[in-house]
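Accompanying notes for the structure given below.
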Amino acid sequence: MQVRTVSEVTLHIKDVLDGDPELADLWIAGEISNFKRAASGHCYFTLQDSQAEIRCAMWRNQAMRLTWLPQQGDQVEAHGHISVYERGGAYQFYVDELARGGVGARWLQLLQLKQRLEAEGLFDAALKRPIPAWPKRIGVVTSPTGAAIRDILRVIEGRYPLVEVVLSPTVVQGAEAPAAIAAAIARLDAEPGIDTVIVSRGGGSVEDLWAFNDESVARAIRASRAPVISGVGHETDWTIADLAADLRTATPSTAAAAATPDGEGLLADIDLMRRRLGELLEARLSGYRQALEQLQRILRRFDPQRLLAEHRQRLDELLQRAQRLLQRASELRRARLAGSVARLAALDPHAVIARGYAAVQDAATGQRIRSVTQVAAGHQVDIHVADGRIGATVTDRDLERR
């Protein structure tokens, strides 16, 4: 016979209980006893009837969804599964849904509807349409007298007052509410230019929100031409309408915020874009100025006036150079002429005569007499001296012997 440890036996019992499908998904009706919420947020209590009781635990994530606080003696219906708490060695009921007495069956119906519509693909992410970034007309399906419409209008006025709000009024709870909500959504389809539809109501109990768990509402949302934003209840609530909507938000206020751009953010973005545009324009103008200056430098380089001025300057330089050369040439010629004049002056017979010499010419022919052989006795000659002429007749001649 095999001897087992306490842990082994407890684990075996846990496996048996966890493997029983009837204990994995069930509703239990009973009376609340010893309800406590720990600092961690988990809730611990006992469900009992006249003949038995069962320990229960509800973890923080599920407990946060409660819109009411169970009290001693409350009749409730709880959904969850049975398992074993190994350290304590006792089985207990792990609760994930807790409803007031009489609501449990309705929750079961809700879960079944959710499962059916989900299987049909009504909640598929591929069907979700984007919310317009710059709406012009927003349709709102809600009660005209409730807090939801006031919250929606307040948020839209503060964020984006340029948009037009079209209210399609409806009752939002009671037996006639599902059909009225679906009809209100359909009415907005007949309105021209509706960009976005908000389906909303304020928070309340499970019973208050039950109209938004109706199949007709879900199908009306999916049939809407404009994308639909749901804002039903509080952050912890969820409905079939939330699952069918193109965007689920926690409250009417957050639905209005999701449907509109942030006006202050837009102004900041516009101011930023204005500054960036100014910087870009300044940079572009600076580039154009540099390009213009470059072109001006090129034009100045090839400017005909500039080239003509340069050629004129060059011509002036050449003229000045030619003048200098001509002046030098003229001075050189003058110097040469002066030398020639000096030499000629030295050879001028008048100058020789002026120094006391005389020049003799044949009186008849004017031929200069350089030799005694050119004349004979009686030959008429002219004798030129410094201050005049002397006519003479040759009387004799004598040829010197050297």
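The values are calculated or read from the model by the stated rules, or taken from the named source; none is laboratory data. Since we're looking at a predicted model, the values are computed, not measured. Virtual Cβ from ideal backbone geometry, glycine too; neighbours counted across all protein chains shown. In case anyone asks, the SASA skips ligands and DNA or RNA and just uses the protein heavy atoms, side chains included. Shrake-Rupley method; radii C 1.70, N 1.55, O 1.52, S 1.80 Å.
At a glance:
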{"quantity": "Close pairs (8 angstrom Cβ cut-off, 6 or more residues apart or separate chains): modelled with pLDDT of 85 or more in the stretch 256-275, of a type in the set (S, T, N, Q) and buried (at least 17 other Cβ atoms within 10 Å of the Cβ) anywhere", "calculated": "Ala257/Thr249; Ala258/Thr249; Ala259/Thr196"}
{"quantity": "Residues of the stretch 367-396 satisfying the condition of being within 22 Å of Asp348 (Cα to Cα), hydrophobic (A, V, I, L, M, F, W, C) and open to solvent by less than 70 Å² (accessible area, probe 1.4 Å)", "calculated": "Ile369, Val381, Ile383, Val385"}
{"quantity": "Filtered residues of the stretch 133-160 (kept if in contact with a helix residue (DSSP H, G or I) (Cβ under 7 Å, 6 or more places away or on another chain) and of a type in the set (Asp, Glu))", "calculated": "Asp151"}
{"quantity": "Any chance Ser200 is hydroxyl-bearing (Ser, Thr, Tyr), touching a Lys or Arg at 6+ places or on another chain (Cβ under 6 Å), at pLDDT 90 or above and assigned to a strand (DSSP E or B)", "calculated": "no"}
{"quantity": "Selection count, the stretch 40-59, where residues are at pLDDT 85 or above, open to solvent by 50 Å² or more (accessible area, probe 1.4 Å) and out of contact with any strand residue (DSSP E or B) (no Cβ under 8 Å at 6 or more places or on another chain)", "calculated": "3"}
{"quantity": "Per-region count, the stretch 19-35, residues open to solvent by 60 Å² or more (accessible area, probe 1.4 Å) and touching a Ser or Thr at 6+ places or on another chain (Cβ under 7 Å)", "calculated": "1"}
{"quantity": "The stretch 60-80, residues that are of a type in the set (A, V, I, L, M, F, W, C) and open to solvent by less than 90 Å² (accessible area, probe 1.4 Å)", "calculated": "Ala63, Leu66, Trp68, Val76, Ala78"}
{"quantity": "Filtered residue count, the stretch 1-22, keeping only those that are more than 60 Å from the chain's Cα centre (by Cα), over 22 Å from His79 (Cβ atoms) and either assigned to a helix (DSSP H, G or I) or of a type in the set (Val, Ile, Thr) (or both)", "calculated": "10"}
{"quantity": "Residue identified as within 30 Å of Ala126 (Cα to Cα) and not basic (Lys, Arg) among Leu247, Leu308, Leu280", "calculated": "Leu247"}
{"quantity": "Filtered residues of the stretch 144-163 (kept if in a helix (DSSP H, G or I), surrounded by fewer than 17 Cβ atoms within 10 Å (Cβ to Cβ) and touching a strand residue (DSSP E or B) at 6+ places or on another chain (Cβ under 7 Å))", "calculated": "Leu153"}
{"quantity": "Subset of the stretch 168-178 (residues that are surrounded by fewer than 18 Cβ atoms within 10 Å (Cβ to Cβ) and modelled with pLDDT of 95 or more)", "calculated": "Pro169"}
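Quick grid of which residues meet (1) open to solvent by 90 Å² or more (accessible area, probe 1.4 Å); (2) of a type outside the set (D, E, K, R):
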site: Pro261; (1), (2): no, yes
site: Glu264; (1), (2): yes, no
site: Asp269; (1), (2): no, no
site: Arg275; (1), (2): yes, no
site: Glu279; (1), (2): yes, no
site: Glu282; (1), (2): yes, no
site: Tyr288; (1), (2): yes, yes
site: Arg297; (1), (2): yes, no
